[in-house]
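Nothing in this text is a laboratory measurement; each read-out follows from the coordinates by a stated rule. On a predicted model such as this, the values are computed, not experimentally measured, just so you know. Don't worry about glycine lacking a Cβ; one is built from the backbone with ideal geometry, like all the others, and counts go over all protein chains shown.
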Amino acid sequence: MPTNYATPTNNLVNVSFWFVAIILLIILLVVFYYILAKTLKKGPKSKEVKMVKKYYLDRNLYVGVLKVFKEYYLILATSNSSEIVRKLEEEEVQEIMNEHPKFLETFSNILKKDKIPRGREEKKLEK
């Protein structure tokens, strides 16, 4: 009378199959998560309403130029609310958009502010 017991090689093939299947499922879920996170982060796109430029005043406070259809507005926005400050003319928007500080100028200004002369630094260390 033959028995239908599982052989060690049969168990090894069965376990290997499920191990590979679970790993592939995890990889598929991670890829799906990154695709969803990337698309949801951008949010829905609208050609009619667009934030043209932002100037952060604080972590939760910024002034921005908002385009609604063909009109531009200067807005003040926080994490909880936003308010239209005034309507902008086309010339004002062009001035704002053409305003590009050069990277090297900005970087050198930051370095000048944070610079401590070596003599003062050495005197502080001696005390």
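Counting charges near T78 (Lys, Arg +1; Asp, Glu -1) among other residues having Cβ under 14 Å from its Cβ returns a value of 0.
Among the listed pairs K45/K67; K41/K87; K41/K70, those with a Cα-Cα distance over 24 Å are K41/K87; K41/K70.
Computed extension length for V30-V49: 3.6 nm, one decimal, from 0.36 nm per residue of separation with the Cα-Cα distance subtracted.
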